[in-house]
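The values are calculated or read from the model by the stated rules, or taken from the named source; none is laboratory data. Predicted model only: the values in this text are computed from it and were never measured. For neighbour counting, all protein chains shown are included, and Cβ atoms are generated from backbone atoms with ideal geometry for every residue, glycine included. Areas reflect the complete protein model, heavy atoms only, side chains present, ligands, DNA and RNA absent. Shrake-Rupley method; radii C 1.70, N 1.55, O 1.52, S 1.80 Å.
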Amino acid sequence: MSVSEGDTIPDIEMVRHDGESVKPSDYRGRKLVLFFYPKDNTPGCTTEAKDFSALKADFEQADCALLGISKDSSKKHQNFIAKHDLTVDLATDAEESGLSDELGVWAEKTMYGKTFMGMVRSTYLVNADGKIARIWPKVKVAGHAEEVLATAREL
């Protein structure tokens, strides 16, 4: 399944880095940025997580929460957070039938002639009512967190 701007974000439970369960409806009443990334401790993913962490206070001033999502385990997320002093919450999406599957960002990818399933770097801005306000598919990391913040402030 894939969703569009204006649709309600699917309310699928994930596990946060601290072992607590989390789902999009937990953030109702405030805006939420869901940024999907391929893998902890890889260059692009590290830059993206650090960029969002650096702007966390600005997002909070805009009444907007941040949640990074990959298929990595909670333990890997904990190590990633500690290694890079990240301040954003990270969640582990289910191996099958997770939020990334529902949104269509867990998809077939090709690299060096090999095909595999992987996370397509994408970001969703959800409004306080749980509706998708903006989708950024196939994200380029440079300047992305700043663009998302500017859009969140406009909501």
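A few points about this structure:
- Residue match in the range 75-84 (condition: over 20 Å from Leu155 (Cβ atoms) and assigned to a loop (DSSP other than H, G, I, E, B)): no
- Check on Phe35, assigned to a helix (DSSP H, G or I), in contact (Cβ under 8 Å) with a residue 24 or more places away in the chain and buried (at least 22 other Cβ atoms within 10 Å of the Cβ): no
- Residue list for the range 1-37, filter: among the β-branched types (Val, Ile, Thr) and under 15 Å from Val88 (Cα atoms): Val15, Val22, Val33
- Test result for Asp26, of a type outside the set (Gly, Ala, Ser), part of a helix (DSSP H, G or I), more than 22 Å from Val139 (Cα to Cα) and open to solvent by 30 Å² or more (accessible area, probe 1.4 Å): yes
- Top-ranked residue of the range 11-23 - restricted to ones that are open to solvent by 30 Å² or more (accessible area, probe 1.4 Å) and not in a loop (DSSP other than H, G, I, E, B), ranked as nearest to Phe80 (Cα to Cα): Arg16
- Filter result for the condition that a residue is open to solvent by 50 Å² or more (accessible area, probe 1.4 Å) and modelled with pLDDT under 95, over Thr87, Thr110, Thr8: Thr110
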